[in-house]
Structures are given as structure tokens and as C-alpha cells.
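The values are calculated or read from the model by the stated rules, or taken from the named source; none is laboratory data. Owing to the predicted nature of the structure, the values given are computational and were not obtained by experimental measurement. Note: ideal-geometry Cβ built from the backbone for every residue, glycine included; neighbour counts use all protein chains shown. Please note that ligands, DNA and RNA were not included when accessible areas were found on the heavy atoms of the full protein model with its side chains. Shrake-Rupley method; radii C 1.70, N 1.55, O 1.52, S 1.80 Å.
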Amino acid sequence: MKITSLYAYQGRNIYSHKPVIKLNIELEDYYNLATKDIEGFNDGLVKSLPGLHKHNCSRGYPGGFIERLKEGTYFPHVVEHIAIELQNLLGYNVAFGRAIDGGNEKSYDVIYSYINEYAGIESGKLAMELIYSIIEKYDFDLQKELRRIKTECIKQDFGISTEMIKTEAEKRGIPITRIGKGSLIQLGYGKNGRIMQATLSDCPSCISVDTACNKDLTKMMLSDYGIPVPEGKLVKNEDELLKQCMILGYPVVVKPNFGSHGIGVSINLKTPEEVLNAYNIAKEYEDTVLVEKYIKGNHYRLLVVGNKMVAASMRIAAHVVGDGEHGIKELIELENTENTKRGEGHEKPLTKIIVDKVVEAYLAKQNINLNYIPSYGEIVHLRENDNLSTGGIAIDVTDKVHPDSIDYAISAAKIIGLDIAGIDITIQDISKSLIETGGAIIEINAAPGIRMHHFPAVGKSRNVAYEIVKHICPEDREYSIPIISVTGTNGKTTTVRMINHIIRGMNKCVGMTTTDGVYINDDCIKHGDNSGPVSARTILMDRRVEIAVFETARGGIVNKGLGYEIADVGIITNIQEDHLGIDGIYDLDQLAYVKSLVAEAVKNTGYAVLNADDEHCVKIIKNLKSKIILFSLKKDNGVIAKHIKAGGIAFYFDGNDIVLVKSKKDIKVIEVRSIPSALDGILEYNIQNALAAASGAYAAGVDLSKVRDGLSTFKSDFTDNPGRFNIYDVNGVKVIIDYGHNIDGYRCVLESLKKLKKNRLIGVIGVPGDRTDSSTLIIGEMCGNFFDKVYIKEDKDKRGRKNGEVAEVLKTGCQKGSINKTNIFIELIEDRALEMAIKSAETDDVVVAFYEDLEPFINVIQKMKSPIYKIGLIIA
């Protein structure tokens with residue numbers, strides 16, 4: 001039994017609307033074994049993971065999975081539950097899982113949810129290792145492996161501040177995008193998106209943030225505005241330090257000028273010896289050292305968000321309480337291990353107490369050391385600075401802060417230029433005036449932690465994350481942009497381009513992804529097939545984009561999921577035979593299931609747009625929760641009629657016009673002869689694409705006049721719709737370039753050619769190597785019945801097939817048709833095949849070339865149309 005593939009879906013996917021891990025497991029010799037068949041397995045598993053007793057499984061009640069074990073279940077099912085339980089032990093509350101057929105009797109796909117991707121992946125691997133250890137009866141240190149995984153997870157998890165902000169944003173339905181593996185996140189999409197790193201927003205300038213980090217510069221600026229700050233000065237050496245201490249008078253504070261989290265800070269220093277020792281400690285962290293007059297009092301943190309103080313805490317330095325038995329070092333270890341609120345770094349509400357030179361020096365000031373055993377109830381403070389990052393705790397005092405301190409805190413944030421700031425104040429009593437009691441603002445933090453406000457040791461919890469999200473994404477402003485997602489077998493690219501063209505006519509900045517590139521308006525920022533989730537995220541992170549239009553292809557959905565949280569409009573153009581036999585998709589029902597995700601992942605207030613002429617699209621309707629718009633090439637479509645009768649919205653083609661039906665009233669949208677891409681009605685499939693585009697644009701709120709303007713100016717040429725029935729005149733020969741690449745795509749093009757005036761039809765045909773031989777034979781026979789002459793090329797995408805193999809299958813198909821077998825030629829290089837076809841053509845012949853890569857075909861046409869090429873022909 002082994003894992004053959006492993007993938008983490010980061011967004012909505014065909015298995016769940018939440019992130020999941022997918023393991024493909026080959027059972028090998030275990031394929032016909034159940035858990036009850038292996039002696040001692042069930043007992044060994046439950047002993048290792050007693051939490052499995054709580055798993056409901058399909059029974060729907062705790063203990064359900066244990067029942068399944070006793071009855072005998074298959075091992076992929078066991079892997080699923082182990083992976084879930086291991087994540088629970090790591091602190092991640094996940095429960096969803098399933099094990100499904102992986103394509104053959106010895107292969108299964110194990111699907112289970114995750115929160116931390118590393119934890120999810122490693123839990124799957126660890127599940128397999130645990131099963132082996134039980135079966136083979138060898139020692140396995142599960143707890144050691146869990147500690148290893150947890151150590152790495154802590155590095156990858158969001159800190160408490162970021163997690164709190166993320167949670168509050170999600171409550172409001174604001175999509176969150178993690179950028180990289182740190183705490184940098186985007187709230188919202190496109191031009192309405194906002195970037196944050198922990199509590200640092202994208203509002204303040206770099207200068208403001210740098211200023212806040214410079215303690216001496218901050219004090220100078222605040223002092224200029226009359227805000228009380230401690231006297232102090234930067235010192236470069238020990239002589240300057242001691243001289244400045246004499247000027248200030250003891251006690252003093254020594255700290256790194258650019259430090260954070262209280263690291264390297266020593267306070268209430270009363271002698272030159274203490275000062276010199278503190279100076280050496282600070283120098284270990286930074287060359288620039290600040291010495292200040294010590295302000296006596298309690299230490300407070302006021303959190304300012306916008307123009308408001310939203311919370312305040314009194315901070316108490318790290319300390320231990322004696323029990324009369326253990327030394328200080330042991331008490332610290334007990335506190336760190338037994339207090340479940342303490343974790344590494346910002347992992348939990350409190351940070352584990354760290355022992356460093358500052359702690360040792362402060363204990364020495366008290367004439368004790370780490371081995372000292374405090375008496376029962378004796379409180380021993382470990383340091384004088386009170387940062388939570390060094391093990392301190394907080395008491396909420398929000399309702400006690402004097403108005404003077406609130407005003408000074410808000411003013412200080414404005415002076416430095418911060419929209420979110422932590423203002424550190426030292427004062428005897430926060431309820432008293434800062435001026436009257438001799439208090440001062442000590443520091444300003446540009447990215448203040450908010451753990452202390454959410455999880456105070458004493459007092460009321462303050463939901464400051466809510467205030468931050470409300471400030472960054474005000475409730476009266478948009479936080480996202482309209483998203484239109486288009487999928488289907490054929491017509492996706494043209495529909496996306498049509499919608500893009502319509503909206504561009506409204507002077508909107510449109511982000512578009514297609515199989516030929518990523519576009520911001522008319523600029524292609526990335527070439528190639530970009531119809532997957534990575535490209536979608538690229539658009540959604542661009543701060544210029546006002547509307548996003550995505551081509552969402554099958555491969556991306558199956559293998560990576562969606563690149564957005566939820567769309568305003570989801571369009572399915574049609575569902576036809578294509579790519580079957582790939583990625584576990586073997587029939588049209590399975591393909592429809594995959595593509596239905598685009599229609600399902602739509603806001604309740606949005607629209608799913610479906611082709612009422614396609615039976616598989618119609619079947620999807622019953623699963624949708626959003627509003628629905630249907631479109632049809634037939635006015636008398638029964639599904640449309642039923643939908644309209646129920647008060648639904650529909651678009652249909654009545655033989656002359658595209659018509660909108662709303663509130664049971666017909667509204668003419670545009671005459672088909674006014675749609676250039678439909679070639680006066682010859683290209684029926686582009687009428688269908690226009691219906692889809694009109695429906696989608698209307699669903700997104702575009703006025704019908706703008707829909708009409710867009711469709712009437714969108715052409716089937718290289719500029720507007722490259723590679724889709726583009727017509728060229730090459731020395732008197734009409735050449736048509738199209739991307740038909742499956743049975744329905746070929747059929748639509750060939751049916752359209754019947755309506756064109758022509759002499760002979762010459763085809764340049766090819767099929768990607770991932771198509772089944774049966775579909776390739778059908779395409780070949782269709783071409784054999786239709787073309788007078790055929791040149792068979794070979795696509796570069798052979799998918800492991802031998803050179804010429806697909807071409808031979810196509811040839812066999814052609815020979816089944818009515819074409820003269822002497823007019824079937826194989827020329828594997830596609831640009832050479834097109835050139836040969838054009839050379840063989842006579843006046844009024846039509847050459848139809850189906851491409852895989854458009855560029856070689858365009859190069860051939862440009863070359864053959866050039867004056868130099870024509871002169872060469874005359875000479876020859």
C-alpha cells in the first residue's frame with residue numbers, strides 16, 4: 001500500500017467547498033483486506049488514537065467509526081479517519097472526509113479537510129506510517145512525529161492577530177487571500193482589495209512605519225507637538241552612555257533604538273554597573289542604543305484604530321508564583337507546559353516565558369537566581385518590561401482610560417501617520433490625567449499585537465479585530481469586485497472575450513483570463529493557457545481591476561479547484577464529449593459534475609447562467625441556490641418556457657433577434673445580422689456564444705444598451721477573437737483558422753462551412769493526443785465526409801503517444817468517409833501542412849485549418865501573403 005499522488009486544494013473544489021487534501025492510494029496486496037482481517041489491528045489503532053471513539057463516520061453518532069472498524073472496513077477509509085484525528089491532535093478542528101474509487105479496484109482517492117496545509121499533508125503520510133507500524137508490529141513514536149509536525153505548523157500558521165482579523169473578515173463574507181507563507185493577506189478583491197500584514201495595513205507610508213520603528217525619532221516628533229515623552233538620547237559607546245545617565249539622573253532605561261517585542265530592553269537601572277550590563281545586552285541586538293529617563297508607573301497599551309481608541313490594557317511583566325518546592329527555572333517550565341494558553345511566538349493567546357540574559361540580570365538585581373525556590377504564594381517578577389512577547393499578561397482597562405490619554409494616543413498615531421497603532425503609556429493610574437501625574441508615551445507600535453485585547457487575563461475581552469476590519473473595509477463600501485466565471489466544453493473563450501468586450505465599452509478596467517493569456521484591459525500580462533486558479537488569483541490581486549472575467553477550464557477545476565471564493569455570475573456554455581478518460585472523468589455525467597462547480601459557487605444574490613439546449617446543463621439546475629438565467633437557440637425550448645412561466649429570466653434566439661424575457665415580457669436585445677461574429681447568422685455557435693455573453697453581462701448588471709453595443713462591435717477576427725473562425729484571403733484562396741479540437745467543435749465549424757459559397761473544401765486537421773481513439777475516429781470520419789482534400793498534422797501535445805500515432809488514427813477515420821483516399825495526406829509539422837494545403841488550392845477554394853498552436857499558422861499566412869513570396873511563386 002502506498003501513496004502515488006498527493007495534492008492540496010486551496011479553494012473550492014469538486015470534493016468540497018472548503019480546502020481539502022487528496023491522496024491517491026494504491027492498495028496493492030491490501031486491496032481485498034478489511035480491518036477485522038488483521039489480528040490486533042483495531043485494538044492497536046484505537047490504543048494509539050483513542051480520539052477515534054468520537055468519530056461519527058456514516059453512522060452519524062460518536063462511536064460510529066469504531067463500529068465500522070469492528071465490522072471490517074477498507075484501509076483508505078481508515079487513512080481518512082486517522083488523517084482527520086491527527087490534525088485534531090495538532091489543534092486543527094477538521095471533520096470532513098471521504099474515500100472514493102480511484103479508477104480501479106486497487107486504487108482509492110482519500111479526501112479530507114485541512115486548515116494548515118502542512119499539517120494536512122503530513123497527517124496523510126503519518127496515517128500510512130501508523131498503519132504499517134501496527135500491522136508489522138514495530139515501535140513507532142507517534143508523539144515525536146506529532147511534535148515535529150507541530151513545530152513546522154507553528155511557523156506556517158497565522159499569528160493570533162492575523163487569525164483574528166481573518167475570522168472577522170470571513171464573518172462579513174470578505175474573501176481572504178494569503179500572499180506567500182507569512183502573515184501577508186489581502187482582504188477583498190481587485191480595486192477594492194486591501195493588503196494587511198498582521199495589524200499593519202496598506203494605508204500608512206513606509207516612512208510612517210519606519211518612523212514608528214525609530215524610537216528616538218518618534219519621541220522627537222511627539223515632543224514637538226507637546227506630547228509628554230521621556231527624556232533620552234542615542235549613545236554610541238559606554239562613555240557617552242554613562243555621561244548621559246549623569247545628565248538624566250538615575251534610574252534610567254536602556255534599549256535598542258529599533259527593537260521590538262521588548263527584546264533587549266532593561267528598565268529601572270539604578271547604578272552604572274547595571275547600566276553597562278544593560279548596554280551590552282542591547283548591543284547584542286543592535287548597534288544603536290537609546291538611554292532614557294525611567295518613568296515610574298504601570299505600563300499600558302492603548303490601541304488606536306482610525307480616529308478611535310478601541311481598547312486599552314495594563315500589561316504585567318512575566319512572573320511566577322512560588323509553591324515552596326520548585327525553583328524559578330522549574331516554575332517557568334511548569335507554567336509553559338501546564339498553561340494551555342501559552343504557546344510559541346504568537347501561536348496562542350499568551351507566549352511561553354523565555355529565559356534570557358535580561359531575565360538573569362533582573363533576578364540578579366533582586367539578589368536571586370534561577371535556582372531560587374520562592375515561598376508559597378511569593379510572586380517573582382522575571383523582567384521589568386511587560387511585553388506579551390516575552391511572557392507577560394494583560395488586564396483590560398478600556399473603560400478606565402482618562403480622556404487626556406485617549407486624546408494624546410489618537411494624536412500620536414496621526415502625527416506619525418499610522419491608521420492602526422499601539423500606543424505604550426507609562427503612568428501610575430490610567431484613570432488620571434497624563435499631564436497631572438507625570439506619565440508619558442514611551443513608544444508607538446506600527447503593527448501592534450491584539451492578543452492582549454482579545455484574551456486578557458483579567459477583564460472584558462475586546463473584539464478589536466472587528467474594529468480593524470470595519471476600518472479597513474467599511475461596511476458602506478465594496479470590498480470585492482464583480483466576478484464572472486465561464487466554463488463549458490466549447491465556446492468558453494469566445495464567451496469570455498465577448499463579455500470582456502462588452503464591459504470594456506463601459507470604460508471599466510477588466511481583468512480577463514483565457515486559454516491564450518491573462519489580460520488587464522488590452523494588455524496581455526502573461527501568455528499561454530491561463531484558464532486555471534493561479535491566473536484567476538493574479539487578476540483578483542491586481543488593484544487596477546474593476547471587473548474580473550474568467551475562463552475556467554476543466555483541468556484547473558479537477559486538479560486545483562477554483563481560484564476565487566465565490567462569483568457573481570457563473571456560466572456554463574455546454575457540456576460535450578471532450579477530455580474523457582483523463583483525471584478520472586470517464587463520461588458526460590462526471591464531466592457535468594465537475595463543471596457544475598462553477599454554477600454552484602455563485603452568491604445567493606448572483607446568477608447561474610445555463611444553456612437550456614444542453615441536457616446536462618439542465619440537470620444541474622436542481623442543485624443551484626442562486627438565481628438562474630437560461631439561454632436557448634430555440635424560442636420554443638420547453639425548459640425555457642417552464643422557467644419563464646415561473647417568472648424566471650431567459651434569453652433566446654427567435655430566428656432573427658436575440659430576445660430577453662423578463663417578468664414574462666419579451667425585450668428585443670439585438671438583431672443577429674448586427675452581430676459581426678455571427679457572420680450574418682452563418683456561425684450558429686457564435687449566436688449561442690452571444691446568448692451566453694448577453695446573459696452573463698446582463699446578470700452582472702450591464703445595461704442592455706451596453707450589451708447591444710458590445711455585441712455589435714465584436715468581430716470574429718484576430719483582434720477581437722483570435723483563432724476562432726478567423727478568415728484570411730491568401731492569393732485568392734480563402735483560409736479559415738479555427739480552434740476546433742473535439743467532436744462538437746469540429747461539427748459546429750463544418751456545419752457553418754455548408755453555408756459558405758466555395759469551390760472545394762480543403763482541411764488541415766489534427767487532434768490532441770489525450771483524446772480517445774473513438775472520438776478521433778469520429779472526427780476523422782466527419783472530415784472524410786466533408787472535405788475534398790485533407791492534410792493531417794500532428795499536435796505537439798501527444799501525451800506520450802508515438803510520433804504519427806494520432807495522425808494514423810485520424811487517417812483511418814477519414815478513409816471511412818466519402819473522400820477520395822488519394823486526397824488524404826499526412827504532414828506531421830502543422831505549419832508545413834497548412835502551406836501545402838494553400839499551395840494546392842485553386843481560386844474560390846476554401847482551406848480550413850484547425851490549429852493547436854496559433855502562431856505557426858499566422859506566420860504561414862503572413863509569409864504567403866508577402867510580396868517576396870509571390871515573386872518567388874512567379875519565378876518558380
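Side notes on the structure shown:
- Residue-level check: of (1) within 30 Å of Ala567 (Cβ to Cβ); (2) open to solvent by less than 60 Å² (accessible area, probe 1.4 Å); (3) in a strand (DSSP E or B), Asn13 misses just (3).
- With a requirement of 2 or more residues that are in contact (Cβ under 8 Å) with a residue 40 or more places away in the chain and surrounded by fewer than 21 Cβ atoms within 10 Å (Cβ to Cβ), the helices (runs of 4 or more DSSP H) lying completely within region 629-719 that satisfy it span 684-699, 704-713.
Table: residues versus (1) assigned to a loop (DSSP other than H, G, I, E, B); (2) among the aliphatic types (A, V, I, L, M); (3) free of Cβ contacts under 8 Å to residues at least 12 places away in the same chain.
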{"residue": "Cys245", "(1), (2), (3)": "no, no, no"}
{"residue": "Ala278", "(1), (2), (3)": "no, yes, no"}
{"residue": "Ala282", "(1), (2), (3)": "no, yes, no"}
{"residue": "Val291", "(1), (2), (3)": "no, yes, no"}
{"residue": "Val310", "(1), (2), (3)": "no, yes, no"}
{"residue": "Asp323", "(1), (2), (3)": "yes, no, no"}
{"residue": "Glu333", "(1), (2), (3)": "no, no, yes"}
{"residue": "Thr337", "(1), (2), (3)": "no, no, yes"}
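- Qualifying strands (runs of 3 or more DSSP E) (wholly inside region 496-603; at least 2 residues being in contact with a Ser or Thr (Cβ under 6 Å, 6 or more places away or on another chain), within 30 Å of Ser107 (Cα to Cα) and open to solvent by 10 Å² or more (accessible area, probe 1.4 Å)): none
- Any chance Lys622 is open to solvent by 30 Å² or more (accessible area, probe 1.4 Å) and either more than 19 Å from Ala697 (Cβ to Cβ) or under 37 Å from the mean Cα position of the chain (by Cα) (or both): yes
- Lone unmet requirement of (1) surrounded by 15 or more Cβ atoms within 10 Å (Cβ to Cβ); (2) charged (D, E, K, R); (3) over 22 Å from Ile425 (Cβ atoms); (4) in contact with a Lys or Arg (Cβ under 9 Å, 6 or more places away or on another chain) for Glu231: (3)
- Identification of strands (runs of 3 or more DSSP E) wholly contained in region 349-459 with 3 or more residues that are more than 30 Å from Phe158 (Cβ to Cβ) and either in contact (Cβ under 8 Å) with a residue 12 or more places away in the chain or within 46 Å of the chain's Cα centre (by Cα) (or both) yields 379-381.
- Selection within region 142-169 - at pLDDT 95 or above and either in contact with a strand residue (DSSP E or B) (Cβ under 7 Å, 6 or more places away or on another chain) or not in a helix (DSSP H, G or I) (or both): Ile165, Lys166, Ala169
- No other residue among Tyr108, Tyr92, Tyr74 is more than 30 Å from Tyr586 (Cβ to Cβ) and either of a type in the set (Phe, Trp, Tyr) or in contact with a strand residue (DSSP E or B) (Cβ under 8 Å, 6 or more places away or on another chain) (or both) apart from Tyr92.
- Filter result for Thr772 (within 15 Å of Val733 (Cβ to Cβ), open to solvent by 10 Å² or more (accessible area, probe 1.4 Å) and of a type in the set (Ser, Thr, Tyr)): no
- Among the residues examined, Lys802 qualifies as at pLDDT below 95, open to solvent by 50 Å² or more (accessible area, probe 1.4 Å) and charged (D, E, K, R).
- Residue count for region 18-37, restricted to those that are assigned to a loop (DSSP other than H, G, I, E, B) and either farther than 28 Å from Glu105 by Cβ or of a type outside the set (Ser, Thr, Tyr) (or both): 6
- Lys296 vs. criteria out of contact with any Leu (no Cβ under 8 Å at 6 or more places or on another chain), more than 30 Å from Glu152 (Cβ to Cβ), in contact (Cβ under 8 Å) with a residue 12 or more places away in the chain and open to solvent by 70 Å² or more (accessible area, probe 1.4 Å): yes
- Pairs are defined by a Cβ separation below 9 Å, a sequence spacing of at least 6 or placement on different chains, a first member in region 121-140 that is more than 15 Å from Val46 (Cα to Cα), and a second member that is of a type in the set (Phe, Trp, Tyr) and part of a helix (DSSP H, G or I); the pairs so defined are Tyr138/Tyr132.
- Residue in region 832-854 that is farthest from Lys793 (Cα to Cα), counting only those that are modelled with pLDDT under 90 and within 51 Å of the chain's Cα centre (by Cα): Leu854
- Subset tally (residues that are of a type in the set (Phe, Trp, Tyr) and crowded, with 20+ Cβ neighbours inside 10 Å) for region 126-157: 0
- Any hit, region 460-480, residues being without any contact (Cβ under 8 Å) to a residue 12 or more places away in the chain, open to solvent by less than 60 Å² (accessible area, probe 1.4 Å) and either part of a loop (DSSP other than H, G, I, E, B) or aromatic (Phe, Trp, Tyr) (or both): yes
- Near pairs, Cβ below 6 angstrom, 6+ apart or cross-chain, from region 3-16 (within 20 Å of His77 (Cβ to Cβ)) to any residue that is surrounded by 16 or more Cβ atoms within 10 Å (Cβ to Cβ) and among the acidic types (Asp, Glu): Thr4/Glu26
- Meets criteria (free of Cβ contacts under 8 Å to residues at least 40 places away in the same chain, crowded, with 18+ Cβ neighbours inside 10 Å and in a strand (DSSP E or B)) for Ala608: yes
- Tally, over region 121-139, of residues that are more than 18 Å from Gln87 (Cα to Cα) and of a type outside the set (Lys, Arg): 7
- Filtering Asn214, Asn192 for residues that are closer than 21 Å to Arg537 by Cβ, more than 15 Å from the chain's Cα centre (by Cα) and either among the polar types (S, T, N, Q) or buried (at least 21 other Cβ atoms within 10 Å of the Cβ) (or both) leaves a single hit, Asn192.
- Scanning region 16-33 for residues that are open to solvent by 20 Å² or more (accessible area, probe 1.4 Å), within 16 Å of Tyr132 (Cα to Cα) and modelled with pLDDT of 90 or more gives a single hit, Glu26.
- Output for region 109-125, where each listed residue is touching a Leu at 6+ places or on another chain (Cβ under 9 Å), open to solvent by less than 30 Å² (accessible area, probe 1.4 Å) and of a type outside the set (Phe, Trp, Tyr): Asp109, Val110, Ile111, Asn116, Ala119, Glu122, Ser123, Gly124
- Residues satisfying the stated conditions in region 575-604, i.e. out of contact with any helix residue (DSSP H, G or I) (no Cβ under 6 Å at 6 or more places or on another chain) and β-branched (Val, Ile, Thr): Ile582, Val598, Val602
- Restricting Ile393, Ile354, Ile430 to those that are within 23 Å of Lys255 (Cα to Cα), open to solvent by less than 50 Å² (accessible area, probe 1.4 Å) and β-branched (Val, Ile, Thr) reduces the list to Ile393.
- Unique residue being at negative phi, modelled with pLDDT of 90 or more and open to solvent by 20 Å² or more (accessible area, probe 1.4 Å) when the list is Ile736, Ile727: Ile727
- The number of residues in region 81-96 being within 15 Å of Ser16 (Cβ to Cβ) and in contact (Cβ under 8 Å) with a residue 40 or more places away in the chain comes to 2.
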